[in-house]
Amino acid sequence: MNVAYANPSSFIEWTREIKVVDLKFCPLCGEKLVSDQIDGRPRLGCTSETCEYVFWDNPTPVVAAITELEGNVILVRNHGWPEKMFGLVTGFLEKGETPEEGVLREVGEELGLEGRVESFVGYYPFFEMNQLILAFHIKAHGEIVKGEELDQIKLINPEKLRPWPFGTGHAIKDWLETKQAAIHP
Ligand SMILES: [Zn+2]
């Protein structure tokens, strides 16, 4: 049985809708920002002669958890996500936090579970969202308590897990392949 996911193109449409950066004024001095060629790329820069603010739009690191609970993987659906779309628990790092600390905190906040990091699965550029995903395999224990951000949670046997072709789906694919290689070297 395959798990149904929203098709990738509707997902990409959705990321476009939510990712529009509408920065018109400089956050430092309040003057207008205009697009200009800066360091070889079009970027928004401040028009004030005494201000050097540039909106670099650098990617944001995001931690993602392949959370295993008693042999099943936990998938989540956030409020406002497209119909049928499930993904991994993800989140932004807090200031001063290591990725390992951040991912365990997110698992605690969103699922109410304690966990430990089993392995670092890999890093995955997610260009549509301007993010760099850092994915970890987490072994968790406890009773699930759904966090405020989540609409739905489901547990799925790894054998029935089908990676989606964007974002954290690439981490799932690598994790499943590593798992498979360990069983059949
Ligand atoms: Zn400025």
The condition from (1) outside any strand (DSSP E or B); (2) in contact with a helix residue (DSSP H, G or I) (Cβ under 7 Å, 6 or more places away or on another chain) that S48 misses is numbered (2)
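Taking L69 as the residue in question, decide whether it is among the aliphatic types (A, V, I, L, M), crowded, with 17+ Cβ neighbours inside 10 Å and under 16 Å from the mean Cα position of the chain (by Cα).
Details: among the aliphatic types (A, V, I, L, M): yes; crowded, with 17+ Cβ neighbours inside 10 Å: yes; under 16 Å from the mean Cα position of the chain (by Cα): no.
For L69, the condition - among the aliphatic types (A, V, I, L, M), crowded, with 17+ Cβ neighbours inside 10 Å and under 16 Å from the mean Cα position of the chain (by Cα) - is not met.
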Can you run down the residue pairs with Cβ atoms below 7 Å, 6 or more apart or on separate chains, where the first is in the stretch 9-36 and among the small types (G, A, S) and the partner is within 11 Å of the ligand (Cβ to nearest atom) and modelled with pLDDT of 90 or more? S35/L44
Tell me which strands (runs of 3 or more DSSP E) are completely within the stretch 107-174 and hold 1 or more residues being buried (at least 17 other Cβ atoms within 10 Å of the Cβ) and touching a Ser or Thr at 6+ places or on another chain (Cβ under 9 Å), or say none if there are none. 114-126, 131-141
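Run down F86, F92, F11 and say which single residue is among the hydrophobic types (A, V, I, L, M, F, W, C), at pLDDT below 95 and in the same structural domain as W164 (by TED's automatic domain parsing).
Numbers: F92 fails: at pLDDT below 95; F11 fails: in the same structural domain as W164 (by TED's automatic domain parsing).
Step by step, each of F86, F92, F11 is checked, and only F86 is among the hydrophobic types (A, V, I, L, M, F, W, C), at pLDDT below 95 and in the same structural domain as W164 (by TED's automatic domain parsing).
The values are calculated or read from the model by the stated rules, or taken from the named source; none is laboratory data. These figures come from a predicted structure and were not determined experimentally. Quick reminder, even Gly has a Cβ in these numbers, built from the backbone with ideal geometry, and neighbours come from all protein chains shown.
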